[in-house]
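The values are calculated or read from the model by the stated rules, or taken from the named source; none is laboratory data. Just so you know, these numbers come straight off a predicted model, no measurement behind them. Because the Cβ atoms are built from the backbone with ideal geometry, glycine has one as well, and the counts that use them run over all protein chains shown.
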Amino acid sequence: MAVNEAQMAALKDRARRIRIDIVKTLHGCGSGHTGGSLSATDIMTALYFAKMKYDPKKPDWKGRDFFILSKGHAAPVLYTTLAHAGFIETSELCTLRKLGSRLQGHPDSKYLPGVEISTGSLGQGLSVACGVALAHKLNKATNRVYAVLGDGELQEGQIWEAAMTGAHYKLDNLCILVDNNGLQIDGPVAKVMGVEPIADKWRAFGWDVQDIDGHDMAQIVAALDKAETVKGKPSAIVCRTVKGKGSKCFEGKVEFHGTTPSKEELEMALKELDEAVCK
């Protein structure tokens with residue numbers, strides 16, 4: 001969709017407000033994944049508020065686009081996005097990871113509307129996305145399928161089996177976005193098990209590939225628009241991102257892969273995010 005200046009400003013502000021809810025929620029919970037949730041926030045905002053078709057009042061609407069968070073540990077960004085999109089109340093975010101909550105540490109499709117598949121075991125989401133996309137192709141349906149993967153997740157062999165599947169069946173209704181933030185739980189991806197050149201690998205597997213700044217909202221929206229025009233092959237958008245994007249407290253710090261903000265870090269992050277509205 002064409003996005004005008006006012007709509008672009010609204011998208012950027014939406015991402016800012018989602019980040020605020022993420023850090024508040026994670027601080028209140030005291031457990032969860034801060035860095036990877038913040039790095040994917042702009043991607044999620046563009047998907048849910050500029051691209052995907054859905055009806056939060058009818059989560060099972062047959063005409064909806066499908067979204068799969070393959071990097072399921074980044075559940076906080078999915079939950080906050082679903083809240084902003086109207087699937088759940090924002091007040092429910094404070095129940096994250098609590099006993100009896102629908103907002104578990106990894107997304108649970110049995111209980112939470114808007115979650116298409118339970119994810120968390122890395123490497124499996126793309127296989128599911130391929131299956132959903134293939135089913136829609138066979139049914140001659142127009143639904144599109146989107147999935148967000150982590151760069152560390154690309155170390156999983158199942159990802160590349162699914163990559164072959166997507167190209168073999170010419171799944172041009174499938175688009176993945178790789179959150180390429182360069183860090184994983186054990187350190188820099190390049191040191192743990194290098195996955196570069198990411199873009200070239202997806203091209204070699206027969207995918208249409210775009211390499212963009214994953215925090216530039218205009219680039220993300222334009223890449224999603226282009227992916228929709230690709231015929232005969234699936235699309236991969238490699239999004240160069242910063243782990244913990246939004247606050248200097250978290251940016252580029254591997255320790256925030258699986259830790260949450262302290263009171264002092266929360267206050268500093270909120271100050272930075274509040275000031276961002278003026279930029």
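General observations
- Of all residues in region 230-279 being in contact with a strand residue (DSSP E or B) (Cβ under 8 Å, 6 or more places away or on another chain) and under 18 Å from THR25 (Cα atoms), the one that is surrounded by the fewest Cβ atoms within 10 Å (Cβ to Cβ): HIS257
- Summed over region 119-146, residues that are assigned to a loop (DSSP other than H, G, I, E, B), farther than 15 Å from ARG64 by Cα and out of contact with any Ser or Thr (no Cβ under 8 Å at 6 or more places or on another chain) total 2.
- Flag not set for ILE88, criterion: at pLDDT 95 or above, over 19 Å from ARG19 (Cα atoms) and either surrounded by 18 or more Cβ atoms within 10 Å (Cβ to Cβ) or over 15 Å from the mean Cα position of the chain (by Cα) (or both).
- Residue check for ILE43: surrounded by fewer than 24 Cβ atoms within 10 Å (Cβ to Cβ), in contact (Cβ under 8 Å) with a residue 40 or more places away in the chain, β-branched (Val, Ile, Thr) and within 25 Å of ASN181 (Cα to Cα): no
- Test: residue in region 147-159 that is outside any helix (DSSP H, G or I), touching a residue at least 12 places away in the same chain (Cβ under 8 Å), of a type outside the set (Ser, Thr, Tyr) and touching a Phe, Trp or Tyr at 6+ places or on another chain (Cβ under 9 Å): yes
- Looking only at region 160-197, and only at residues there that are in a helix (DSSP H, G or I) and touching a Pro at 6+ places or on another chain (Cβ under 9 Å), the one that is surrounded by the fewest Cβ atoms within 10 Å (Cβ to Cβ): ALA167
- Condition check for ASP60: buried (at least 24 other Cβ atoms within 10 Å of the Cβ) and either out of contact with any helix residue (DSSP H, G or I) (no Cβ under 6 Å at 6 or more places or on another chain) or in a helix (DSSP H, G or I) (or both): no
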